[in-house]
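Take a look at the structure below.
Every number here is computed from the coordinates shown, using simple stated rules; none is lab data. In this text the structure is predicted, and so the values were computed from the model without any measurement. Using ideal geometry, Cβ is built from the backbone for each residue, glycine included, and neighbour counts are taken over all protein chains shown.
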Amino acid sequence: QLPTVAIIGRPNVGKSTLFNRLVGKRLALVDDQPGVTRDRREGEAHLLDLDFRVIDTAGYEDEDAATLPGRMRTQTEAAVRDADVALFLIDARAGITPLDEEIARWLRVSETPVVLVANKAEGRAGEAGVIEALALGMGDPVQLSAEHGEGVADLFEALLPHC
Ligand code: GDP
Ligand code: MG
């Protein structure tokens, strides 16, 4: 049984881009069933020496963004509960938003270990967002560019204790 990694975060932070990079051609399934599994994609990931199951959540994307949407409390919550580790993505270029803070509050009380990832951190455009992310109280974020494949070794090191 492979360890399970759930990718979570608000819309547009790069969750699916990271999922696609991790899974490559091994995409197992695109699930369009209604209910809690809707928009949830699972695949088998390979990252340097690690093999794990990865789940791409889209739990926030259907409902109003002003509050933590209802679907978060079903699909994403279930994915995080069942995972060995959650990758919490923020957008280093956009900085921390109220929805990021709300997700962080919820993650802090969940039992699943969390790895904070500042995505879109290629170049220097992400520096301010990385510093903002420290205020989430979840430690130093892994600086990643899912799109350009930078920071992959740091992501590997952060996942290693959990996989
Ligand atoms: P999701 O909504 O969290 O699944 O985000 P997506 O994976 O759909 O990505 C949202 C947008 O961010 C897309 O336009 C991506 O091309 C872009 N994106 C994802 N990763 C990166 C990155 O590392 N750097 C930059 N600059 N853009 C990225
Ligand atoms: Mg997505």
Handout entry: Label point 7 Å beyond Cα of R108 along Cβ direction - residues of segment 131-154 with amide nitrogen under 11 Å
Key = 135-139
Exercise for the section: Would you kindly calculate the translational diffusion coefficient of segment 83-133, applying Stokes-Einstein with the Kirkwood radius from alpha carbon pairs, for 37 °C and a viscosity of 0.692 mPa s, and quote it in µm² s⁻¹ without decimals? Expected result: 290 µm²/s
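Below 12 angstrom from the Cβ of D100, what's the summed charge of the other residues (Lys, Arg +1; Asp, Glu -1)? Before the final figure, lay out the partial values.
Values: positive: R10, R105; negative: D91, E101, E102, E132.
That works out to -2.
Hey, can you rank 87-99, 109-121 by average C-beta count inside 10 Å, highest first? Numbers along the way, then the final one.
Working: 87-99: 21.3, 109-121: 19.6.
Averaged packing, sorted descending, gives the order 87-99, 109-121.
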